[in-house]
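What follows draws every value from the coordinates through simple rules; no lab data is involved. Treat the numbers as computed from the prediction; the structure is a model and nothing was measured. Backbone-built Cβ (ideal geometry, glycine too); neighbour counts: all protein chains shown.
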Amino acid sequence: MGFSGVDALGSDGIVRRLRTAPADLTPSEARSVAATLLADGAFSEPYCEWLPTWYELALIAPIRYADWRLRRVVETVAEGAGVTATAPRFSRPTDVRIDGAPALSRVSSFRERFLLADSLLHLEWFDHVAAADGIDVPAGLVARTREESLSYYGGDRDRLSPDVRRFQRHLFADDRWVRRVDEAYGLDSRLFGLWERLLRDERRRLGGD
């Protein structure tokens, strides 16, 4: 998207130090790691509220455990570098109205709910993490992406404006992350496979390929 500040932190170097020598992280690197992990941990529970009840009930226990584990890592990293970080507050269906109606009133299938949730919560995740990394994401673009995406995935809008469509195409690229996690831990998870397929298909559709 051409945001300024993208190259300020070297992600490959941060990953290597986090694995082998976390105490060597600089304050800016530690702040980036802490903000990202806190956002990762806080993401899934509100996401579940956008999806069917059976999905939330099945995943709530492992989600809360993962959040607890990530927060422990954050404490170590942040204290070692003398920095602070906060978790974002993600939107829940009770917080949102879409084109004047309750947030979930016009979506019914799992796919519709999944895409609606991802279009909003991944935007909020990115905005939080980018700010911690010093990446300058225009506030106007974030606001328009939120408004258009909610209406497009859960309301009356029939298309996204070109820059919002491009932004969302990048945000939906999490299918690659899902695949890497599934492969790295040898999960062979049907649920991860479903997530990957939904994200990949939407990313390609938004890209016109």
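Quick notes on this structure:
- Measuring gaps between exposed loop sites in the chain (trypsin sites (Lys or Arg not before Pro); DSSP loop; at most 14 other Cβ atoms within 10 Å), the longest gap, sites not included, is 1-88.
- Length-normalised contact order for region 78-191 - Cα pairs under 8 Å, 6+ apart - percent: 24
- Classified by the C-alpha gyration tensor, region 1-141 has an oblate form. Its axis ratio a/c, with a ≥ b ≥ c, is 1.5 or above, and a/b does not exceed b/c.
- Relative contact order of region 1-154, defined on C-alpha pairs under 8 angstrom at six or more residues apart (%): 33
- Extension gain, Arg180 back to Ala131 (0.36 nm per residue minus Cα-Cα distance, nm): 15.1 nm
- Relative to the current alpha-carbon distance between Arg16 and Arg159, full extension at 0.36 nm per residue lengthens the span by 47.4 nm.
- Summing Lys and Arg as +1 and Asp and Glu as -1 over all other residues whose Cβ lies under 14 Å from the Cβ of Ala81 gives a net charge of -2.
- Cβ-based net charge around Ala35, under 12 Å, with every Lys or Arg adding one and every Asp or Glu removing one: -3
- Amide H contacts of Ile98 (H built 1.01 Å from N, in plane; Pro and chain starts excluded): Ala103 sit under 5 Å, all sequence-distant by 5 or more or on other chains.
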